[in-house]
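Some notes on the structure that comes next.
Each value in this text was obtained by applying a stated rule to the coordinates, not by laboratory testing. Not measured: the values here are computed from a predicted model. Cβ atoms come from the backbone with ideal geometry, glycine included; neighbour counts cover every protein chain shown.
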Amino acid sequence: RHALAAFADLHELEARRASLEHALATLAPESAEYPAIMERYMAVCEEWDHRGRYDTEAEAEGVLAGLGFRASDMERDCGELSGGWQMRVALAQLLLRRPDFLLLDEPTNYLDLEARTWLEEFLVAYPGTLIMVAHDRYFLDVTVDHIAEVLHGRVTDYPMNYSRYLAEREERLEQARKAYEDQKAEVGRIEAFIHRFRYQASKAALVQSRVKQLEKMDRLRPPDGHERTLKIRLPEAARSGRAVVALEGARKRYGAVRVYDGADVLIERGQRVALVGPNGAGKTTLLKLLAGVLPLDGGERRVGHNVALGYFAQDHAEMLDPERTALEEVLGAASIETAPHVRSLLGAFLFSGDAVEKRTAVLSGGERSRLALAKLLVEPSNCLLLDEPTNHLDLTAKEVLLEALLAYKGTLVLVAHDRYLLDRLPTQVIEVGGGKAVRYLGNYEDYLRAKASAVAAASAPRGARAAGPARASR
């Protein structure tokens, strides 16, 4: 019902049309009022046809379904929904209005991968103008054709997507650096000439000419750099055994809902595994079972030799000491090796200047989440289990984290809704759902191709199906 509020103006238009139809039906065509009412009626019909919105309820249900709502959710009271789902309702309402200018601030927040993919397709086909702030690199690459860079009080337009913008920005920055250094060298040569010959009468005209040359020169400013380009290195514990953590015959249920029913999962040394599946399929539950913070209802969990687990979840932000500063909190967890780099790490995670001296009690929810992640990353480990680690990070901080995780020699298991990270980082994907966990080799893009190939093979005529190596394993 909240989503249908987007059609309030259409409902008003429909009511006007019905009223005019009634008026026309009660008037004789030869009456004096008839032509004017007919003209108004034709204008209303033309506007209705132009907007093309005949089955608004079906359209609203389609948008809500794209954003992840099930058929059984359509009549639920919004007051029963979590904040994240209420945000989806608000987004659906805006999309259904189809404004000429669509302004979106972080539209992918609270969306899983399936909903993000649907929103990408919706926005690519959207006929109006889109202006958006987003920290999702893949999403930006797919949906936008201009980047407006806001830096040091100036806005610079780049008519391209985000990845091309990064390359173009670096090229422009390099050209600006070279021009600045060339001019600086030229100024140095001129000043040296002036200093050398300023007291020689025979060179007075030349010296004066060089002085005027400097006065007329349009001095270039040092090119603006871009913040947080530093790299961080994650401390690693001693090498673990080959088998890091395993679940055998794992069973887990919440009330009457069976989330896992005899699932087998083995994580081996050096693997980078992404857990994927729709909302509610059990990704976070599986991560908690692997971490040992959630008990099994059946089956067994085994941890390998010399394994040092590091586990990050969004609720870890609530475990920070409210009386300690951000700097004190991370320093307290750091080893001798990582302590000297704590300020750099906090800077990468958007704590700069005096922000590191804030007590955690006054930090926002997003700031506390970033701080909890930074605290984990200074502790030596050889296996990281991460639940949505890029939440609350901007694009540059995400890149810093991604490069650190790519360089990490330990084992990694993560849940993420960041498509760019999922295409770059995992070497394997585990799809969860229906009580099982199915493994695919490669990154998220490889996983999607394998799924599409399986669907195509299943729908092909029996004689046309070609045998091939299986991509999925249990």
Charges only on Cβ, +1 for Lys and Arg, -1 for Asp and Glu: so what's the dipole of the chain about the Cα centre, in debye to the nearest 20? 2540 debye
Per the 1/(1 + (r/R0)^6) rule, R0 = 22 Å and r from the Cβ atoms of Val155 and Ala176, FRET efficiency to 0.05 is 0.85
Among the chymotrypsin sites (Phe, Trp or Tyr not before Pro) in the range 123-201, which ones are in a DSSP loop with at most 16 other Cβ atoms within 10 Å of the Cβ? Mind listing them? Tyr199
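Rounded, prolate or oblate, given the Cα gyration tensor of the range 243-459, with a/c below 1.5 counting as rounded?
Values: a/c = 1.94, a/b = 1.65, b/c = 1.18.
The shape class here is prolate.
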Fully extended, how many nm does the chain gain between Leu296 and Asp264 (0.36 nm per residue separation, minus their Cα-Cα distance)? 10.3 nm
Provide the FRET efficiency to the nearest 0.05 for the Leu406-Arg324 pair, computing r from the beta carbons and using R0 = 35 Å. 0.65
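How much mean residue ellipticity at 222 nm does the chain get from its helices, if each DSSP H run of length 4 or more adds -39500 (n - 2.57) and you divide by all residues, to the nearest 500 deg cm²/dmol?
Working: 15 runs with 203 residues, N = 474.
Value at 222 nm, helices only, nearest 500: -13500 deg cm²/dmol.
Given Cα pairs under 8 Å that are at least 6 residues apart, what percent is the relative contact order of the chain? Don't skip to the end; give the middle numbers.
Values: 677 pairs, mean separation 65.6, N = 474.
Result for the chain is 14 percent.
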At a Förster radius of 22 Å, what calculated FRET efficiency corresponds to the Cβ-Cβ distance of Val133 and Ala65, to the nearest 0.05? 0.30
Run through all the Cα pairs of the chain and give the fraction in each 20 Å bin from 0, expressed as whole percent. 18, 42, 25, 12, 3, 0
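How much length is gained if the chain between Leu206 and Ser335 is pulled fully straight, taking 0.36 nm per residue apart and subtracting their Cα-Cα distance, in nm to one decimal?
Between Leu206 and Ser335, full extension yields 40.1 nm more.
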Let me know the Rg and Dmax you get for the range 332-394 when you use only its Cα atoms, in Å. 11.7, 33
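Going by how many other Cβ atoms sit within 10 Å of their own, how do Ser364, Ser19 line up, fewest first?
On the way: Ser364 10, Ser19 14.
So the ranking, lowest neighbour count to highest, is Ser364, Ser19.
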Check cross-link reach from Lys358 to the lysines: straight Cα distance under 21 Å, and skip same-chain residues fewer than eight apart. Lys375
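Determine, for Arg424, Arg370, the number of other Cβ atoms within 10 Å of each Cβ, and report the residues in order from fewest to most.
Working: Arg424 19, Arg370 25.
In order of increasing Cβ crowding within 10 Å: Arg424, Arg370.
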Residue-span extension gain [Ala32 to Arg251] - 0.36 nm each, minus C-alpha spacing: 70.9 nm
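Test of understanding: ordering Val211, Val244, Val342 by Cβ neighbours within 10 Å, fewest first, what list do you get?
On the way: Val211 14, Val244 25, Val342 22.
In increasing order of surrounding Cβ atoms, one gets Val211, Val342, Val244.
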